[in-house]
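Novice: Sending over a structure as structure tokens; questions will come in a sec.
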Amino acid sequence: MTSLTHKDVVAILGPLDDVTVAQIIATGATTQELAQAHAWINNDEALMNDGAPLPGGRVAHLIDLMAEIEQEEEELARRN
């Protein structure tokens, strides 16, 4: 498995600023791990209902990063 590239991150998550992309790449995650984290952040209830185990390691770290980014975007939107 290879490390993420800028192109991989944007393909999975959509347009992001370069700092955020760099933070995600710095986790050392693979495209598969990023895709899994993306699925969890968007469908955690459905995945838990299906009995999927809670993520750990890099996937959990990615979920934390993505949740933080989402929260910052929501706060910025409220200010504007």
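Novice: Just need a number here: residues in the range 20-39 that are among the acidic types (Asp, Glu) and under 15 Å from ALA67 (Cβ atoms).
Specialist: 0
Novice: Under the condition of being in a helix (DSSP H, G or I) and over 10 Å from the mean Cα position of the chain (by Cα), which residue from the range 35-57 is modelled with the lowest pLDDT?
Specialist: In this case the residue turns out to be LEU47.
Novice: Taking only the range 1-27 into account, find how many residues are within 15 Å of HIS38 (Cβ to Cβ) and surrounded by fewer than 12 Cβ atoms within 10 Å (Cβ to Cβ).
Specialist: The total comes to 2.
Novice: Also, I was wondering about something else. Could you say whether any residue in the range 72-79 is at pLDDT 85 or above and within 10 Å of the chain's Cα centre (by Cα)?
Specialist: Taking every residue of the range 72-79 in turn, none turns out to be at pLDDT 85 or above and within 10 Å of the chain's Cα centre (by Cα).
The values are calculated or read from the model by the stated rules, or taken from the named source; none is laboratory data. Note that this is a predicted model, so its numbers are computed, not measured. Neighbour counts run over all protein chains shown; Cβ positions are idealised from the backbone, glycine included.
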